[in-house]
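Okay, so here's the structure we're looking at.
The values are calculated or read from the model by the stated rules, or taken from the named source; none is laboratory data. Source: prediction; values computed, not measured. Neighbour counts run over all protein chains shown; Cβ positions are idealised from the backbone, glycine included. For the accessible areas, the whole protein counts, side chains as well, though only heavy atoms, and no ligand, DNA or RNA atoms are used. Shrake-Rupley method; radii C 1.70, N 1.55, O 1.52, S 1.80 Å.
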Amino acid sequence: MANKNGFQTIESDIEEMNEQIRSHRRAIARRILCVVGILIIIFAATQLYLALRTYSSYRIDHKTERRDSEAVSFDSFGKYIVKYTNDGAICMDGQNMQIWNQSYEMTTPTLAKSDDYLAIFDCGGTEVYIISESGTQKHLEMARPIRALSVSNQGTVAVLMKDEEKAVVKLYNKEGDELANGEFYLQNGAFPVDVALSFDAKKMALSLVDASEGKMKSVIRFYNFGSVGKNEIDNNVGNFEYEEMLIPEIEYVSNDKMVALSDSEIMIFEGSEKPQLASEQKLEIQPRSIIYNKNYIATASQNEEGYQISLYNFRGKEVMKVETDIMYRDFYFLENGEMCISDGNSVELYTTHSIRKFHYVFDTDIYRILSQGSGTNYIFILSDSTQEVHLR
């Protein structure tokens, strides 16, 4: 007769071995979780250190000498640099290698940008160039002097033209085809002062001044060129009036969000079809400058010590306030979201967390700073050279 006790012993040994395997796996899992936790802590600490760290010098990684005329201006376009004058524009990379160039003759060359397109127009003149990163897509000649222009991510442009009799707003695609137009006569009251086009070119807004009733008011008027707007008279899907207020600047910062700026108030409108007022921010001090990007609005207001820089989110909440003694000439957002304030020699870079990340006094005039990612790599455009640098 077989001994059944032997089977029981083997079965007990297997169960014990399985428990040992499970225990070993749990120990390995705990070690992995512990290592991952340590790595997360190290990463978070490193990011916090980098976010709070300040810099007062830099290392030049690459330098290209330049000779420019005195009337030169610089701006960013994606990852590239645009240098423009009255005679033409050149797009370059950080090592001064040419991407494209466009010659023209303009009295007041002005840039309008979207993510993928750049429009160069003669403010007060009649010429428009629609340009992508690969070069010029279309040259347009307007019939009246251009006062404002907005460009979408598809290269569609909204052009505001004015003369002594009337204002005309026209939409053109990047091939130069006219898509829509409207006329405004001075004697009829409301007269446009700025135009804004959404990123997808489906919505347009006008800021108008109306003095027909004996006192000035501003009107912000929204248009929708999609299916919703077709059901409305002249595609007009909303009007907002502001008594005794001038709103000289409006700008879409996304498909569904628009900023309107006056000297006493910041207004945010939101809506995918019929925009509505989402927030208002009263300004205690009249700012000298107001700048904005896709996430924030910043103001620079003079005080007794110098200037106060305030940063607001699109809910109208002030999220940052710092003081600077730089009597600035330039104030702008970098592509990485930082703010630059400069008097031409002294420069300060601020993060959105109120950290003065970089301070430096240059021996020569600095025209522009461009970010290269979110770290410590930048491009400095000085009066005599372009430098790719690393802060330290």
Out of the residues in segment 332-361 that are buried (at least 19 other Cβ atoms within 10 Å of the Cβ) and aromatic (Phe, Trp, Tyr), which is farthest from the chain's Cα centre (by Cα)?
Phe358
Meets criteria (of a type in the set (A, V, I, L, M, F, W, C) and modelled with pLDDT under 95) for Ile369:
no
Every residue from segment 155-195 that is touching an Asp or Glu at 6+ places or on another chain (Cβ under 6 Å), at pLDDT below 95 and crowded, with 17+ Cβ neighbours inside 10 Å:
Ala190
Among the listed residues Ile81, Ile99, which satisfies the condition of being open to solvent by 20 Å² or more (accessible area, probe 1.4 Å) and of a type in the set (A, V, I, L, M, F, W, C)?
Ile99
Only one of (1) surrounded by fewer than 17 Cβ atoms within 10 Å (Cβ to Cβ); (2) over 30 Å from Glu388 (Cβ atoms); (3) of a type in the set (Ser, Thr, Tyr) fails for Ser150. Which number is that?
(1)
Test: Gln387 is under 26 Å from Lys113 (Cβ atoms) and open to solvent by 40 Å² or more (accessible area, probe 1.4 Å):
no
Subset of segment 362-374 that is over 15 Å from Ile60 (Cα atoms) and small (Gly, Ala, Ser) - its residue that is most open to solvent (accessible area, probe 1.4 Å)
Ser374
Can you find a residue in segment 179-189 that is of a type in the set (Phe, Trp, Tyr) and more than 23 Å from Asp115 (Cα to Cα)?
yes
What tally of residues in segment 238-272 results from selecting those that are small (Gly, Ala, Ser), outside any loop (DSSP other than H, G, I, E, B) and more than 20 Å from the chain's Cα centre (by Cα)?
1
Exclusive hit being open to solvent by 40 Å² or more (accessible area, probe 1.4 Å) and under 20 Å from the mean Cα position of the chain (by Cα), set Arg392, Arg329:
Arg329
Do we have Thr352 as in contact with a His (Cβ under 8 Å, 6 or more places away or on another chain) and modelled with pLDDT under 95 here?
no
When both residues are 6+ apart or on different chains and their Cβ atoms are under 7 Å apart, which pairs have a first residue that lies in segment 228-243 and is without any contact (Cβ under 8 Å) to a residue 24 or more places away in the chain and over 14 Å from Ala180 (Cβ atoms), and a second that is charged (D, E, K, R) and open to solvent by 40 Å² or more (accessible area, probe 1.4 Å)?
Asn239/Arg221
Flagged in segment 57-85 as in contact with a strand residue (DSSP E or B) (Cβ under 6 Å, 6 or more places away or on another chain) and polar (S, T, N, Q), in numbering order, are Thr64, Ser73, Ser76
Could you pull out the residue among Ser152, Ser207, Ser227, Ser198 that is of a type in the set (Ser, Thr, Tyr) and at pLDDT below 95?
Ser227
Only one of (1) in contact (Cβ under 8 Å) with a residue 40 or more places away in the chain; (2) more than 30 Å from Gln95 (Cα to Cα); (3) among the basic types (Lys, Arg) is not met by Arg356, so which one is it?
(2)
Condition test on Glu273, is it under 22 Å from Leu208 (Cβ atoms), touching a helix residue (DSSP H, G or I) at 6+ places or on another chain (Cβ under 9 Å) and open to solvent by less than 70 Å² (accessible area, probe 1.4 Å)?
yes
So which of Phe43, Phe74 ends up being within 21 Å of Leu334 (Cα to Cα) and of a type in the set (Phe, Trp, Tyr)?
Phe74
Quick check, is Glu338 acidic (Asp, Glu), touching a residue at least 24 places away in the same chain (Cβ under 8 Å) and either in contact with a helix residue (DSSP H, G or I) (Cβ under 6 Å, 6 or more places away or on another chain) or within 18 Å of Ile309 (Cα to Cα) (or both)?
yes
